[in-house]
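Peer 1: Sharing a structure, written as structure tokens. Questions coming.
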Amino acid sequence: MTDTTNEPVYVVDSLIAEDIDAYLDTHQHKTMLRFITCGSVDDGKSTLIGRLLYDSKMIFEDQLAALENDSKKVGTQAGGIDFALLVDGLAAEREQGITIDVAYRFFNTEKRKFIVADTPGHEQYTRNMVTGASTADLAVILIDARKGVLTQTRRHSFLAHLIGIRNLVLAVNKMDLVDYSQERFDQIVADYRAFATSIGIENFVAMPISGYMGDNITTLSDNTPWYRAPAYFGRSLIDHLETVEVDTTRDLARPFRMPVQWVNRPNLDFRGFAGQVATGSVRPGDEIRVLPSGKTSTVERIVTLDGDLDQAVAGQSVTLTFADEIDCSRGDVIALSDAPPQVADQFEASLVWMADTALIPGRAYWLKLGSQMVSATVHAPKYTINVNTMEHCAAKTLELNAIGVAEVTTDKPIVFEPYAENRQLGGFILIDKITNSTVGAGMLHFSLRRAQNVHWQALDVTREARAEQKHQKSALLWFTGLSGSGKSTIANLVEKKLHALGKHTFLLDGDNVRHGLNKDLGFTEADRIENIRRVGEVARLMTDAGLIVITAFISPFRAEREMVRSLMAEGEFNEVFIDTPLDVAEARDVKGLYKKARSGALKNFTGIDSPYEAPQNPEIHVDTTRMSAEDAAEMIVDRLLGHWMPEI
Amino acid sequence: MSKTLTHLERLEAESIHIIREVVAEAENPVMLYSVGKDSAVMLHLARKAFYPAPPPFPLLHVDTTWKFRAMYELRDKMAELSGMDLLVYHNPEAEERGINPFDHGALHTDMWKTEGLKQALDKYGFDAAFGGARRDEEKSRAKERIFSFRTASHGWDPKNQRPELWNLYNAKKAKGESIRVFPISNWTELDVWQYIHLNNIPIVPLYFAAPRPTVERDGMLLMVDDDRFPLKPGEEPVMRSIRFRTLGCYPLTGAVESSAKTLPEVIQETLLTTTSERQGRAIDKDAGGAGMEVKKQQGYF
């Protein structure tokens, strides 16, 4: 056996020293491949990447000296160089000896530039792998030859397949530890093939390697002579990475689409639409259509700092000008006129949940797709997928790292294509409206109905006309506070005062609504959200009718109150925070509910075992420890009529 | 017709996309401009992103007053060429206390750069700042997102980064919070050099070899750029043919002996060299192996 451990196999291109101009010319024309490596905790991912960097001369002397030093101190490879130390970047990971996030590495060979996403194998970090895979052209699935196909192997393969990676490499690693056994390799590949076929993976290539020893990484190893037989793939990992076809050709063959990122308007004579071409290509003179408006024009120029282009292709960032002055702004998609993408507002999608807080069906999230940002709700999942067994399971929500299929509804139509056809117009992220975190990623399957079939009925008598007839302006006073804080009492007083002033009002009370409209709903988080959503919609209809609407609901979640705010016309929503400390409300306990909740007889009770998220900037803040109900009602009426309706 | 984009074309398009996303979604963006080669590339990409308009944000130079003279010259020239506003910020406290790299060591970087940057961002209320950092520079950078979120006190939490999928960037944030954005995250040192070469981007002449007055200290070759350089007894500046691989404060930046006078020669030397780019910088060696990570958590770019 020849030991090649510390001998870099990949020599620096001799052209660099001999003819730098020729080298630069070659390098300038290199293509790029982005790939991910995935495997379980001890499958040797970091070691493999360290090896690739080392063999392609991406490690410098000072780094190598530090590496040798570190290997002695904390290395796990007795005496040898621990390549994993090269890539385990953050201090916490070094101590734990595991990679906990996505790290990106770079190396070049004579043919290509590579970007490697190093993604964690640890079970709870699915979201990181999906993140790394979303930009990858190829995935290397690592298996420890001693252990064979594990649960995590299945999980990673499934995720890579879900994200739409077509090029899969099964790298059976640590072959040195099973004496380079052909039999062992065959068995693992057969096991893997059975699984891969079952989840719809059509193609993969398998290779026996050792990241630590360097076998079959850059060149074919003498330790696995059997691998050269025709029954096997018979090529080294680098050889494959250098020559495998990149997906961009596929994008180029599709019809032209470009999401508009920015309208460039430096002066009155220039109006350009800037974006990155998602698919296809475009030339001056091409007929285009702007979606969702459907307006058409022709491309006049493709403008760049280096001069106008005669063609822009998938992947390029450019600025287009049109022959006609048509409306087009950020979020619109410019498409080939004859073959435009679809526009819809209801979809089926696969979702990967990425936040510690579970999905709340019915809650409004921001949805970003291309340059479109809309408000969207996710329905309860049709099913989730157990990534260990691939079984479909019933579920009411999606927890961190869960994968499921659900319906998604957006508040206005968006331009899209199925993810399987177009990653750029089919992949989206979900953003929590309060924390601003990215909480989920999704892939659109298809639309459930065409949005163009749903029209708002335009009415001749407007909401303003209805309110004017009543000599008032529509408004919503949204009371929020703990149970027993005094919401209903004060709301009732407010309505009486407004009524006495000749105003047309309607009070929606929590308990009353639950006896009728919402009697099918319980008190789980999801039901509470649906309760508020329905009340919000009813309140909107009533303000459309010109009424001053008063609602008295605990409405504990900030997100739902904000959702209702977004339903209403600008300035109509007034949040009234009835601020009573928990101990005060509990001491009052008018309905005896706190007692029940404390005894455990009542579940999900706000303030006890369910949270209350106090308003941050309420329009009206009532501190009931300093103010009587009567005074509070007086103040609210004054503020409403004085502050928001000075002309009445 | 089929056209496969080269790696530089793909990197360029990705960076332009990132810069445009920030401008579309942030309220008050700024580009941190350090006058180095990475800044030069980033500025060029910004100009490409918005051509024929000038980039719709200012350049901010958080200055230490100890940069090489040639850097100040190029900085002013590039601001004029790009048609952008140039904001230069000096930490008033560092200025008043006369903080300098000769007498104050690590405090120099901390006060002028780390604190200066925070003060400047607060002063102008910038909610997004472009930086020219690359993932291949240093280990903790390799894991940082392209959109890197900062708390209102400019802290970075490496364990709580937002997932970044496809080319979809989440720029949402609460009031007071900000985002550092690294449009050339995926570029390597070689990519940067080659791009400068292909696009004829002006860079500081110090990147090219020339005879310059130098002294050798602690194994580093330092250039005596002005008469603020205190010579130790017996020290005499020696003319050597040197160039710089990275540029910072002249008393902290080590030069390499070189004869590379053209870009291809510089690239040639870079490729044949056996030490990494940041080796000439003192900052990475603080706090053991985790030097840069600790600095970043404190708010260093």
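The values are calculated or read from the model by the stated rules, or taken from the named source; none is laboratory data. For clarity, every value in this text was computed on a predicted model and none was experimentally measured. Don't worry about glycine lacking a Cβ; one is built from the backbone with ideal geometry, like all the others, and counts go over all protein chains shown. Just so you know, the surface numbers come from the protein's heavy atoms only, side chains and all, with ligands and any DNA or RNA stripped out. Shrake-Rupley method; radii C 1.70, N 1.55, O 1.52, S 1.80 Å.
Peer 1: Residue by residue through the range A:1-49, note down the ones that are touching a Leu at 6+ places or on another chain (Cβ under 6 Å), assigned to a helix (DSSP H, G or I) and modelled with pLDDT under 80.
Peer 2: Once the filter is applied, which keeps residues that are touching a Leu at 6+ places or on another chain (Cβ under 6 Å), assigned to a helix (DSSP H, G or I) and modelled with pLDDT under 80, the range A:1-49 yields A:I16, A:K45.
Peer 1: Further question on the same structure: Under the condition of being surrounded by fewer than 19 Cβ atoms within 10 Å (Cβ to Cβ) and either outside any loop (DSSP other than H, G, I, E, B) or outside the structural domain of A:P556 (by TED's automatic domain parsing) (or both), which residue from the range A:594-607 is nearest to the chain's Cα centre (by Cα)?
Peer 2: A:R598
Peer 1: Where residues in the range B:10-63 are closer than 21 Å to B:W187 by Cα and acidic (D, E), which of them is least open to solvent (accessible area, probe 1.4 Å)?
Peer 2: Selected residue: B:E21.
Peer 1: Please indicate, with yes or no, whether at least one residue in the range A:85-108 is at pLDDT 85 or above, over 28 Å from A:S157 (Cβ atoms) and of a type in the set (D, E, K, R).
Peer 2: no
Peer 1: Only one of (1) touching a strand residue (DSSP E or B) at 6+ places or on another chain (Cβ under 9 Å); (2) under 18 Å from A:R166 (Cα atoms); (3) free of Cβ contacts under 8 Å to residues at least 40 places away in the same chain fails for A:R283. Which number is that?
Peer 2: Just one mismatch for A:R283, condition (2).
Peer 1: Quickly run through the range B:160-197 and pick out the residues that are over 20 Å from A:I429 (Cα atoms) and open to solvent by 20 Å² or more (accessible area, probe 1.4 Å).
Peer 2: If the condition is that a residue be over 20 Å from A:I429 (Cα atoms) and open to solvent by 20 Å² or more (accessible area, probe 1.4 Å), then B:K175, B:G176, B:E177, B:H197 are the ones that fit.
Peer 1: Being in a helix (DSSP H, G or I), more than 14 Å from the chain's Cα centre (by Cα) and crowded, with 21+ Cβ neighbours inside 10 Å is the filter here, so list the residues in the range B:116-135 that pass it.
Peer 2: First, pick out the residues of the range B:116-135 that are in a helix (DSSP H, G or I): B:116-124.
Filter once more, keeping what is more than 14 Å from the chain's Cα centre (by Cα): B:116, B:118-124.
Listed by number, the residues that qualify are B:G116, B:A120, B:L121.
Peer 1: If you don't mind, another one. Return only the number of the condition from (1) open to solvent by 60 Å² or more (accessible area, probe 1.4 Å); (2) of a type in the set (S, T, N, Q); (3) in a strand (DSSP E or B) that A:T625 does not satisfy.
Peer 2: Exception for A:T625: condition (3).
Peer 1: I'd like the residue in the range A:244-258 that is facing chain B (nearest Cβ under 10 Å) and touching a strand residue (DSSP E or B) at 6+ places or on another chain (Cβ under 7 Å) and, out of all such residues, is farthest from A:D137 (Cα to Cα).
Peer 2: Within the range A:244-258, the first condition is being facing chain B (nearest Cβ under 10 Å), and the residues that meet it are A:245-246, A:248-249, A:252-253.
Next, only the ones that are touching a strand residue (DSSP E or B) at 6+ places or on another chain (Cβ under 7 Å) stay: A:246, A:252.
Values: A:V246: 6, A:L252: 15 Å.
Here the answer is A:L252.
Peer 1: Right, something else. Which helices (runs of 4 or more DSSP H) does the range A:490-567 wholly contain that include 2 or more residues that are of a type in the set (K, R)?
Peer 2: Values: elements: A:510-515, A:525-544, A:558-567.
Qualifying helices (runs of 4 or more DSSP H): A:525-544, A:558-567.
Peer 1: Counting only residues that are under 25 Å from B:A46 (Cα atoms), more than 17 Å from the chain's Cα centre (by Cα) and surrounded by fewer than 16 Cβ atoms within 10 Å (Cβ to Cβ), how many does the range B:65-106 have?
Peer 2: 5
Peer 1: I'm told A:G404 meets every condition in (1) over 30 Å from A:A194 (Cβ atoms); (2) in a strand (DSSP E or B) except one. Can you identify the failing condition by its number?
Peer 2: Among (1) over 30 Å from A:A194 (Cβ atoms); (2) in a strand (DSSP E or B), the lone unmet condition for A:G404 is (1).
Peer 1: Also, quick follow-up: Evaluate the range A:221-235: report whether one residue or more is in a loop (DSSP other than H, G, I, E, B), assigned by TED's automatic domain parsing to the domain that holds A:D308, aliphatic (A, V, I, L, M) and open to solvent by 50 Å² or more (accessible area, probe 1.4 Å). Working first, answer last.
Peer 2: The initial filter retains those residues of the range A:221-235 that are in a loop (DSSP other than H, G, I, E, B), namely A:221-224, A:229-235.
Next, only the ones that are assigned by TED's automatic domain parsing to the domain that holds A:D308 stay: none.
The answer is no; no qualifying residue exists.
Peer 1: Scan the range A:550-559 and tell me whether some residue there is at pLDDT below 90, over 30 Å from A:D583 (Cβ atoms) and basic (K, R).
Peer 2: No, every residue in the range A:550-559 fails to be at pLDDT below 90, over 30 Å from A:D583 (Cβ atoms) and basic (K, R).
Peer 1: Looking only at the range B:14-60, count every residue that is within 10 Å of another protein chain (Cβ to nearest Cβ) and among the hydroxyl-bearing types (S, T, Y) and tell me the total.
Peer 2: Selection size over the range B:14-60: 2.
Peer 1: Of everything in the range A:261-293, what is surrounded by fewer than 22 Cβ atoms within 10 Å (Cβ to Cβ), touching a Ser or Thr at 6+ places or on another chain (Cβ under 7 Å) and not basic (K, R)? Give them in sequence order.
Peer 2: The answer is A:V263, A:N264, A:G285, A:D286, A:E287.
Peer 1: Something else: Just the residues that are more than 13 Å from chain B (Cβ to nearest Cβ) and among the aliphatic types (A, V, I, L, M), please, taken from the range A:128-164. Steps first, answer last, please.
Peer 2: Start the filter on the range A:128-164 by keeping residues that are more than 13 Å from chain B (Cβ to nearest Cβ), which leaves A:138-158, A:160-161.
If the condition is that a residue be more than 13 Å from chain B (Cβ to nearest Cβ) and among the aliphatic types (A, V, I, L, M), then A:L138, A:A139, A:V140, A:I141, A:L142, A:I143, A:A145, A:V149, A:L150, A:A160 are the ones that fit.
Peer 1: Going through B:E93, B:E138 one at a time, which residue ends up being free of Cβ contacts under 8 Å to residues at least 24 places away in the same chain and not aromatic (F, W, Y)? Walk me through it before giving the result.
Peer 2: On the way: B:E138 fails: free of Cβ contacts under 8 Å to residues at least 24 places away in the same chain.
Only one candidate passes the filter, namely B:E93.
Peer 1: For a quick check of your reading of the model, give me the residue pairs whose first member lies in the range A:476-504 and is over 27 Å from A:A597 (Cβ atoms), whose second is open to solvent by 40 Å² or more (accessible area, probe 1.4 Å) and polar (S, T, N, Q), with beta-carbon atoms closer than 8 Å and at least 6 apart or on different chains.
Peer 2: none
Peer 1: I've got another one for you. Could you say which residue among B:E144, B:E138 is at the interface with chain A (Cβ under 10 Å from one of its Cβ atoms) and open to solvent by less than 20 Å² (accessible area, probe 1.4 Å)?
Peer 2: Values: B:E138 fails: open to solvent by less than 20 Å² (accessible area, probe 1.4 Å).
That would be B:E144, the only listed residue that is at the interface with chain A (Cβ under 10 Å from one of its Cβ atoms) and open to solvent by less than 20 Å² (accessible area, probe 1.4 Å).
Peer 1: Quick check on my filter: what residues within the range A:138-175 are open to solvent by less than 10 Å² (accessible area, probe 1.4 Å), more than 17 Å from A:R250 (Cβ to Cβ), in contact (Cβ under 8 Å) with a residue 60 or more places away in the chain and not in a helix (DSSP H, G or I)?
Peer 2: Within the range A:138-175, A:V140, A:I141, A:L142, A:I143, A:D144, A:A145, A:V169, A:A171, A:N173 meet the criteria.
Peer 1: What are the pairs with Cβ atoms under 6 angstrom where one residue, in the range A:355-370, is over 12 Å from A:N436 (Cα atoms) and in a loop (DSSP other than H, G, I, E, B) and the other, located anywhere, is open to solvent by 20 Å² or more (accessible area, probe 1.4 Å) and β-branched (V, I, T)? Sequence gap at least six, or different chains.
Peer 2: A:A358/A:T397; A:L359/A:T397; A:G362/A:T377
Peer 1: A further question on this structure: When you scan the range A:518-535, do you find a residue that is over 15 Å from A:G486 (Cα atoms), over 31 Å from the mean Cα position of the chain (by Cα) and in contact (Cβ under 8 Å) with a residue 40 or more places away in the chain, even just one? Lay out the reasoning, then the answer.
Peer 2: Of all residues in the range A:518-535, those over 15 Å from A:G486 (Cα atoms) come to A:518-535.
Still in the list and also over 31 Å from the mean Cα position of the chain (by Cα): A:518-520.
When the remaining residues are screened for being in contact (Cβ under 8 Å) with a residue 40 or more places away in the chain, the result is none.
Taking every residue of the range A:518-535 in turn, none turns out to be over 15 Å from A:G486 (Cα atoms), over 31 Å from the mean Cα position of the chain (by Cα) and in contact (Cβ under 8 Å) with a residue 40 or more places away in the chain.
Peer 1: Which condition does A:L398 not pass, out of (1) assigned to a loop (DSSP other than H, G, I, E, B); (2) open to solvent by less than 20 Å² (accessible area, probe 1.4 Å); (3) over 30 Å from A:T524 (Cβ atoms), if it passes all the others?
Peer 2: Condition (3) is where A:L398 drops out.
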